[in-house]
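A quick write-up on the structure given underneath.
The values are calculated or read from the model by the stated rules, or taken from the named source; none is laboratory data. The structure presented is a predicted model; accordingly, all values stated were derived computationally and were not measured. Here Cβ is always computed from backbone atoms with ideal geometry, including for glycine, and neighbour counts include all displayed protein chains.
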Amino acid sequence: MSVLNSNNAPDPSVVKPHFIFGSISLLILSVMMILADNILLEAYFSTKIVAITHMAVLGWAVMIVFGALYQLIPVVFETSLYSENLAKFTFWFSGVSVLFLTYSFWIGSYTKLLSFTALMMFISLLLFVINVLLSYKNSKKKNISSKFVITAVIWLAITEFIGTLIAFNFKYNFLSESHLYYLKIHATIGLMGWFLLLIIGVSSILIPMFLVSHQLNDSKLKKSYYLINIGLLALSINWFFVHQTNINPLFWLSIIVGILFFFLFVYDAYKNRIRKVLDIGMQHTMISISSVILPIIISLVIMIGFGIDQPLLLRATTLYGFTIIFGFITTLILGQTYKTLPFVIWLEKYKGLVGKTKTPMPRELYSEIIVKTHFYLYLMFIILMIFGLVFDNIWLIRIGSYILLLVAILYNINVFKMIFHKVKIIEKNE
């Protein structure tokens with residue numbers, strides 16, 4: 001427990017609503033996938049798939065990440081969150097925005113509802129960005145890990161700005177290229193600039209912490225930081241201003257090599273760990289990081305593209321997004337939930353009782369049997385969906401969607417078990 005320093009930690013009322021909203025969003029997401037049915041095998045820019053993607057990214061992943069990051073800012077920046085009230089307001093504003101934005105995509109209201117809801121989403125994310133930037137301004141710890149986090153937040157602002165432009169373009173038609181052209185940029189910057197950099201930054205602190213790995217050299221992290229950002233910045237400039245597609249593979253190579261340097265850092269932490277047995281949360285984390293290899297391979301296939309027919313290329317693009325959102329990001333979130341939320345609840349319930357009586361450990365606040373069950377079910381979901389997308393098999397997709405629903409139900413049970421935990425005093429002789 002002591003590894004997550006409680007100094008400057010925000011009030012639990014800032015963090016908990018994000019996990020509640022995120023867990024319910026995962027449930028909604030699984031239902032949306034079941035309702036979409038064979039549409040999941042259509043092109044990635046299909047109305048329903050775009051709606052599902054935004055619920056997965058904004059409703060599920062971003063909400064959990066926001067909540068976790070608010071809790072981790074004292075660890076990453078060594079300072080308190082700039083404004084807890086702003087964080088609470090941002091939560092409600094972004095929650096409403098996510099629901100309406102997803103609904104506008106689901107019903108295909110591109111020229112009426114979408115621009116309004118996209119603007120709401122942009123404002124809510126901008127408020128989050130401002131809160132984190134002002135927190136970083138007061139930071140005492142401006143190392144490579146905190147640089148990853150703050151750069152990720154800047155890329156988030158750029159991602160949402162592009163998304164808002166796309167939304168308004170449906171109504172006013174002022175952009176020079178097609179919507180799909182900018183949609184790819186929007187998705188790439190969001191996944192690589194925001195999620196990837198944020199996850200690397202936070203993981204570079206938490207993985208050595210939870211593995212109990214000491215005296216790690218951060219030179220690999222620095223190389224990872226500069227290579228990923230140089231590649232992503234060069235891609236963005238080329239996409240918007242230069243338009244020389246033949247040099248894009250060079251920039252992708254820079255990003256890929258940067259990711260590989262992060263792998264090497266994680267390998268060093270794993271190899272030098274003192275804690276030899278990995279709990280279920282760290283198993284999730286290690287599988288999640290390993291799974292990044294798959295979208296890297298798929299992205300190379302898409303870039304080369306020779307000899308691949310159009311329907312297969314479209315499914316490959318869908319598979320690329322799936323492996324990042326569900327293979328990498330969601331797997332990591334499912335595991336790290338059990339590293340963050342139990343500590344938040346434990347801190348709220350038992351901090352004042354430390355030294356006065358025996359208290360339960362954070363891992364005793366949830367069911368480990370449920371965690372293991374939804375862990376293996378989720379792996380089954382990933383495998384079925386990948387094979388379903390590759391072989392264009394709707395039955396594998398359907399079975400996978402129902403398994404995800406079961407995973408979401410089990411995950412919600414554990415989250416709400418922690419949220420509604422009642423203080424339990426353990427007798428000394430127990």
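Summary of values
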quantity	calculated
Every residue from segment 100-121 that is in a helix (DSSP H, G or I), surrounded by fewer than 21 Cβ atoms within 10 Å (Cβ to Cβ) and of a type outside the set (Gly, Ala, Ser)	Phe100, Tyr103, Trp106, Leu113, Phe116, Leu119, Met120
Yes/no for Gly163 being surrounded by 22 or more Cβ atoms within 10 Å (Cβ to Cβ) and in contact with a His (Cβ under 7 Å, 6 or more places away or on another chain)	yes
Qualifying residues in segment 292-323 (those that are within 19 Å of Gly388 (Cα to Cα) and not in a helix (DSSP H, G or I)) - the one modelled with the highest pLDDT	Asp309
Residues located in segment 179-197, provided they are among the β-branched types (Val, Ile, Thr) and within 16 Å of the chain's Cα centre (by Cα)	Thr188, Ile189
Exclusive hit being touching a residue at least 12 places away in the same chain (Cβ under 8 Å) and touching a Lys or Arg at 6+ places or on another chain (Cβ under 9 Å), set Gly388, Gly400	Gly388
First in segment 249-275 and over 22 Å from Ile302 (Cβ atoms), second anywhere and of a type in the set (D, E, K, R) and in a helix (DSSP H, G or I), Cβ under 6 Å, 6 or more apart	Phe261/Lys220; Phe261/Lys223; Leu264/Lys220; Phe265/Lys220
From the options Leu35, Leu41, Leu26, residue that is aliphatic (A, V, I, L, M) and at pLDDT below 95	Leu41
The lone exception for Leu313 - which of (1) crowded, with 18+ Cβ neighbours inside 10 Å; (2) closer than 21 Å to Ile247 by Cα it fails	(1)
Selection within segment 276-286 - within 15 Å of Tyr376 (Cβ to Cβ) and crowded, with 19+ Cβ neighbours inside 10 Å	Gly281, His284
The one condition in (1) at pLDDT 90 or above; (2) on the phi > 0 side of the Ramachandran plot that Tyr338 fails to fulfil	(2)
Some residue of segment 132-155 being under 16 Å from Gly321 (Cβ atoms), without any contact (Cβ under 8 Å) to a residue 60 or more places away in the chain and touching a Phe, Trp or Tyr at 6+ places or on another chain (Cβ under 7 Å)	no
Residues that are assigned to a helix (DSSP H, G or I) and acidic (Asp, Glu), drawn from segment 71-99	Glu84
Scan of segment 166-184 for residues that are surrounded by 20 or more Cβ atoms within 10 Å (Cβ to Cβ) and within 20 Å of Ile324 (Cβ to Cβ), ordered by number	Ile166
Per-region count, segment 324-381, residues β-branched (Val, Ile, Thr), buried (at least 17 other Cβ atoms within 10 Å of the Cβ) and assigned to a helix (DSSP H, G or I)	11
Identity of the residue in segment 79-99, free of Cβ contacts under 8 Å to residues at least 60 places away in the same chain and under 23 Å from Lys48 (Cα atoms), that ends up surrounded by the fewest Cβ atoms within 10 Å (Cβ to Cβ)	Val96
Residues that are within 16 Å of Phe66 (Cα to Cα) and acidic (Asp, Glu), drawn from segment 189-222	none
